[in-house]
Amino acid sequence: MRLIVCKNYDEISKKASELVKNIMLENPNPIFGFATGSSPIGMYENLIEMNKKGEIDFSNAVSVNLDEYMDIDEDNPQSYHYFMHDNLFSHINIKKENVHIPSASSDTFEEDIKKYNEVLDSVGTRDVQILGIGRNGHIAFNEPNDKLNLRTNIVDLKKSTIEANSRFFEKEEDVPTKAISMGLEDIFNSKMIILLASGAKKHDAIQNLINSPYLDLQNPSTTLHLHNNFVLIVDEDAYNG
Ligand code: F6R
């Protein structure tokens, strides 16, 4: 693990976007694993800026996303489809057909899981996987559990995740309780993994991730120690509390 402690959110966003830019300068056909949530928004803003200035080019880029709520319309402003288009894809020159975001409904979830695993298989190894971390240590929507999914599956969101994500909804009852999420094997299928964390609310999860002497399935992020190019970028509040 490579740990980078930055002053604040702007600095973690800058550092992460520089790493992504370097990957793109070396490889004109980059494959990305993207995440939603507050943590990568600043990085996405920087990438948009760089793309507008012509410093980076997404015309041959391919992307896969980590997760999506179950039974949510893609044009619902709370959906991860909407988030990704609003915060990144509609502002850069990535081709629509190269963007992959999972979706699942209660009626077709088995088929939906199979379809997304096929997408992941065809896209193959990512150049970089971007991650955030839940306050409970989840990565994508792989919540603390006795067992962690290796591949895409439907997951029940924990109460703490529903509480944390309720900030985007009118009321907590509106937050979906299930999601489709990439599993650990697919998250790890990337040449580099960058996890971004900011703010004191992430302190416990980050300290547990850094210091755990074993794989702690009650903090799924600890599995990232097994990846040989894992970069953890945190700000001082997330690091020091
Ligand atoms: C998002 C995702 C989640 C978030 C995590 C942190 O696609 O998979 O694991 O990365 O919940 O969210 P934020 O960044 O909003 O604190």
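Which residue, of Ser38, Ser79, is within 19 Å of Asn153 (Cα to Cα), within 14 Å of the ligand (Cβ to nearest atom) and either at pLDDT 95 or above or not charged (D, E, K, R) (or both)?
Only one candidate passes the filter, namely Ser79.
Quick test of your reading of the structure: Asp127 fulfils all but one of (1) more than 16 Å from the ligand (Cβ to nearest atom); (2) open to solvent by 30 Å² or more (accessible area, probe 1.4 Å); (3) under 26 Å from Val20 (Cβ atoms); (4) among the charged types (D, E, K, R). Name the failing condition by number.
Every listed condition holds for Asp127 apart from (2).
Among the residues of region 133-146, is there at least one that is of a type outside the set (Ser, Thr, Tyr), open to solvent by 20 Å² or more (accessible area, probe 1.4 Å) and more than 17 Å from the chain's Cα centre (by Cα)?
Yes, the conditions are met somewhere in region 133-146.
For Ser221, state whether it is polar (S, T, N, Q), touching a residue at least 24 places away in the same chain (Cβ under 8 Å) and in contact with a Phe, Trp or Tyr (Cβ under 7 Å, 6 or more places away or on another chain).
no
Restricting to region 163-187, name every residue that is among the hydroxyl-bearing types (Ser, Thr, Tyr) and open to solvent by less than 80 Å² (accessible area, probe 1.4 Å).
Ser166, Ser181
All but one of (1) more than 16 Å from Glu143 (Cα to Cα); (2) open to solvent by 50 Å² or more (accessible area, probe 1.4 Å) hold for Ser190, so report the exception by its number.
Result: Ser190 passes all but (2).
Name every residue in region 206-241 that is more than 21 Å from Lys15 (Cα to Cα) and either open to solvent by less than 40 Å² (accessible area, probe 1.4 Å) or within 15 Å of the chain's Cα centre (by Cα) (or both), in order of residue number.
Scanning region 206-241 gives Ser212, Asp216, Asn219, Pro220, Thr222, Thr223.
Out of the residues in region 11-34 that are under 18 Å from the mean Cα position of the chain (by Cα) and open to solvent by 10 Å² or more (accessible area, probe 1.4 Å), which is nearest to Asp67 (Cα to Cα)?
Among those residues, the one meeting the criterion is Ile31.
Of all residues in region 49-69, which are open to solvent by less than 50 Å² (accessible area, probe 1.4 Å), away from the ligand (no atom under 16 Å from the Cβ) and under 29 Å from Thr152 (Cα atoms)?
If the condition is that a residue be open to solvent by less than 50 Å² (accessible area, probe 1.4 Å), away from the ligand (no atom under 16 Å from the Cβ) and under 29 Å from Thr152 (Cα atoms), then Phe58, Ser59, Ala61, Val62 are the ones that fit.
Checking the condition among the basic types (Lys, Arg) and within 15 Å of the ligand (Cβ to nearest atom), which residue from Lys178, Lys147, Lys191 passes?
Lys178
Inspect region 59-75 for any residue being at positive phi, small (Gly, Ala, Ser) and at pLDDT 95 or above and give the result as yes or no.
Scanning region 59-75 turns up no residue that is at positive phi, small (Gly, Ala, Ser) and at pLDDT 95 or above.
The values are calculated or read from the model by the stated rules, or taken from the named source; none is laboratory data. Remember, it's a predicted structure, so these values are computed and weren't measured experimentally. Counting neighbours? That spans all protein chains shown, and the Cβs are built from the backbone with ideal geometry, glycine included. Areas reflect the complete protein model, heavy atoms only, side chains present, ligands, DNA and RNA absent. Shrake-Rupley method; radii C 1.70, N 1.55, O 1.52, S 1.80 Å.
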